[in-house]
1. After finding the eigenvalues of the alpha carbon gyration tensor for segment 1-55, what semi-axes result from the square roots of 5 times each, listed largest first in whole Å?
2. Could you work out how far apart the two model spin labels at His280 and Arg89 are, taking each label as a point 7 Å from the Cα in the direction of the beta carbon, and quote it in nm?
3. Hey, fewest Cβ within 10 Å first, where do Val278, Val50 land in order?
4. Kindly put Leu19, Leu88 in sequence by how many other C-beta atoms sit within 10 Å of each C-beta, fewest to most.
5. To make sure I understand the rule: partners must be lysines, Cα under 21 Å from the Cα of Lys83, and not fewer than 8 residues away in the same chain. Which ones qualify?
6. What are the semi-axes of the equivalent ellipsoid for segment 175-304, taken as the square roots of 5 times the Cα gyration tensor eigenvalues, largest first, in whole Å?
Amino acid sequence: MVAPGETLSAVSRRTGVPLRDLIQLNGLTAPFTLQPGQKLRLPQAQFHTVAPGDTVYNISKRYGVDQASLMTENGIAPPYTIKLGQTLRIPGRVEPVPAAAPAVAEVPPAAEPVTATPVADVAPPIEIIEPDPDSLPPPRTMAAAPIPVPQPGRKPSAPAGGIVTPGATTAAVTPPPAPAPASTARFAWPVVGDVISGFGPKAGGQHNDGINIQVAAGTTVRAADAGTVAYAGNEIRGYGNLVLIRHANGWMTAYAHNEQMLVKQGDKVARGQAIARVGHTGNVTVPQLHFEIRRNGTPIDPTKYMEGSASASG
C-alpha cells in the first residue's frame, strides 16, 4: 500500500523492488502519480540453487536481474563468492509474477495524489547486467521503446566477483554477437584519456559492456554523435550520474559516473556538444567515464566504431 506522502522511488526503496518492475507490473505511466492507500502489486520471490558452472554473471542474466541486487538480496559481500549447492533468493522481477499478486495491508485513501520522480522516457524494460564489485549497477527503466541501459566496467585493481568456489567449473560467458561495422557509423571520442578497462569478458565470469576511460575530474564529456537525450539522471544504482543518447538507425551511447550533467531528457544534442563533467559517482572510486555503444539493444566494442583513438581525440 502507498503511504501518505510516499513516492514511487520511496516504495521501491522500502520494498527492494526495482522501479522498472513496479512500473511495468502495475501499468504505471508518466508522471507516475501515486494515490495514498493505492495497492501496488509486487513481484513473487524466486530461488536458485548454485550448480556447477554457475557464476554471478550467468545467474543474474538467466533471471533478468542485475548482479548488485542479486548479491545484496543474499547478503554476499566482496569478492562475491558463491558456492555449489548454495540457495540464492532472486530479487523481484516482473516476468514470473502471476496475474494477481498479493498486496500489503490497507491504508485509508488520503485526499491529495503524490507525484513520483519520473524515470527515463516511460518504456518497456531495459536489461542491465552489471560487472564487478567496483562498478556494480542495476534496474531497468521504462520508455516508449526498449532503451538498452549500460553497465559500468571494472577497474583493473578491482577484485574478481561472482566466482564459484573451487570444485565447480566456471562456464565461459559468451556476449551476444555485435553487428557488423557500418562505414557510416563512426563516433567521436567523448573524452581524451587512458582506457583502463576494455570491452568483453572479465575474471570471475563478469563482462564489461563498454569501456572505462580514466580522466581528470571535471573534464568535459562530449556527445559522440548527434541525437536525443533519452535519459539523464542517477536513479540507476551504481552508474552514478548517467546520460543516454539515442541516435539514428538504432544506435545508442551511454556515459556514466559523471560529476555533473549538462543536459536533460528530451534535449537535442549535436556531435561534440558538452553533455557532462567527468566524476566518480556511482560505484567507482577514481574519476572515469564508463562509455558504451549499443545497436538495437546489443552492446558492441566501442573501439571498433570510433574515429581515431582515445588519446588522440580532441
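The numbers here are math on the coordinates, done by the rules we state, and not lab data. Computed from a predicted structure; not experimentally measured. Cβ atoms come from the backbone with ideal geometry, glycine included; neighbour counts cover every protein chain shown.
1. Ellipsoid semi-axes (Å, largest first): 29, 11, 10.
2. 3.3 nm
3. Ascending Cβ contact count within 10 Å gives the list Val50, Val278.
4. Lowest to highest Cβ neighbour count: Leu88, Leu19.
5. Lys61, Lys202
6. In descending order the semi-axes read 20, 19, 13 Å.
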